[in-house]
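Each remark here refers to the structure printed beneath this line.
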Amino acid sequence: MIDAKPVLQTIALRKQYDMGKAKVEAVAGIDIMVRAGEFVALMGPSGCGKSTLLYMLGGMVAPTSGEVRIDGEDITKLSDSERTLIRRDKIGFVFQRFNLFPTLSALDNVKLAQEIQRWRNKTGRGDPNRASRLLERVGLAAKVDHKPYEMSIGEQQRVAIARALVNRPHILLADEPTGNLDTNNSARVMEVFTSLNAEFGQTMMVITHNPEVAAVAHRKIHMRDGLIVDEADAH
C-alpha cells in the first residue's frame, strides 16, 4: 500500500464560518493524503471539525481556502454540477442517519442509487445483479424484500452501506457509521468494512469515536480544534 497512488488529498484546507461578528475556524489548515486501498479512521472530540472535513472531502461543503484532490483533480475548482458528478461517480457516503426510503424494500433502496447513476450516465456501470450481490455480501440475503421498518437498526445500516457501494466508488466516506448501533451491530458493520477493504481494496475514511472501530483501520488521524494533532499507523 505504501506504493499505492493517492486517491484523496488535501492541501492547506480551511473552513471558516461567520457567527455574527465572530469567525469560527472549523478546519484550520489541514494536509492529508489517503492512498488507494487504505482504511483511515478519523478521530477527535465533538466539535473538532471532523464532519466538516469529511463533507469537504466529499464535495458537499466548499472550503474557505485550500485544495481537495480526488484522483489528482482539485474539486474546489469545479462548478457545483461538476462536483455533483464527482460525488456520483467516485464517492460513496454512509451516515449515522441511514436515509432509506421507507416504502422501498432493501433491494429497491440499493437499486435506486444504481438507477440514478445509470439514468445520468448511460454508459455507467449498470450490473443488474450487483445490488442483490452486495446485500448478500453484507449478510442480508434473506432481507432483500424487507422494508426498513421490518429490519433492525444494524440491518438498515448495512443496507445503507450496500447502497453507498453499488456504483463502485473510488472512496467510501463514513460519518460515525456505528454511532447509533449497539455493540453487536457495531461489530457486524465493522466486519463488513474490513472485509470489503481487505478483499476488494476499497479505500475508506471513517469518522468514529469508537476505539474498537479505529483499531481495525490501517491508520488513525486525530483532530482537535480544527487541526491534526496526531497521525499514526493503527497496527
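Where a number appears in this text, it was derived from the coordinates with a stated rule and is not lab data. Because the structure is predicted, anything quoted here is derived from the model rather than measured. All Cβ positions, even for glycine, are placed from backbone atoms using ideal geometry, and neighbour counts span all protein chains on display.
What fraction of the DSSP beta bridges in the chain is antiparallel, stated in percent and rounded to the nearest 5? Once the DSSP bridges in the chain are tallied, antiparallel ones form about 60 percent.
Taking K and R as +1 and D and E as -1, what net charge do the other residues with C-beta under 12 Å from the C-beta of Tyr17 add up to? Net charge around Tyr17: +1.
One entry in [x] 51, 38, 32; [y] 51, 44, 41; [z] 47, 44, 36 is Cα extents along the principal axes in Å calculated from the shown coordinates; its label is [y]. Rounded, prolate or oblate: pick one for the range 1-80, where a ≥ b ≥ c are the square roots of the eigenvalues of its C-alpha gyration tensor, a/c under 1.5 means rounded, and failing that, prolate if a/b is larger than b/c, else oblate. Judged from the Cα gyration tensor, the range 1-80 comes out oblate (a/c at least 1.5, b/c at or above a/b). Note on the range 2-33 and the range 129-164: Cα centroid distance 34 Å, given to the nearest whole angstrom. Exposure proxy ranking for Arg168, Arg158, Arg83, based on other Cβ atoms within 10 angstrom of each Cβ and starting from the fewest, stands as Arg168, Arg83, Arg158. Projecting label points 7 angstrom from Cα along Cα→Cβ for His170 and Ala22 puts them 3.9 nm apart. Gain on full extension, evaluated as 0.36 nm per residue between Glu82 and Asp108 minus their Cα-Cα distance, stands at 6.7 nm. Size descriptors for the range 176-234: radius of gyration and Dmax over Cα atoms are 12.1, 36 Å. Close Lys pairs in the range 84-235 (alpha-carbon distance under 30 Å; sequence gap of 8 or more, or different chains): 10. Take 7-15, 49-57 and order them by the average number of nearby Cβ atoms within 10 Å per residue, most first; the result is 49-57, 7-15.
On the beta carbon distance between Asn129 and Asp74, with R0 = 30 Å, the FRET formula returns roughly 0.25. Rounded to the nearest 20 debye, what is the charge dipole size of the range 148-235 about its Cα centre when +1 sits on each Lys and Arg Cβ and -1 on each Asp and Glu Cβ? Using only the charged Cβ atoms, the result is roughly 240 debye.
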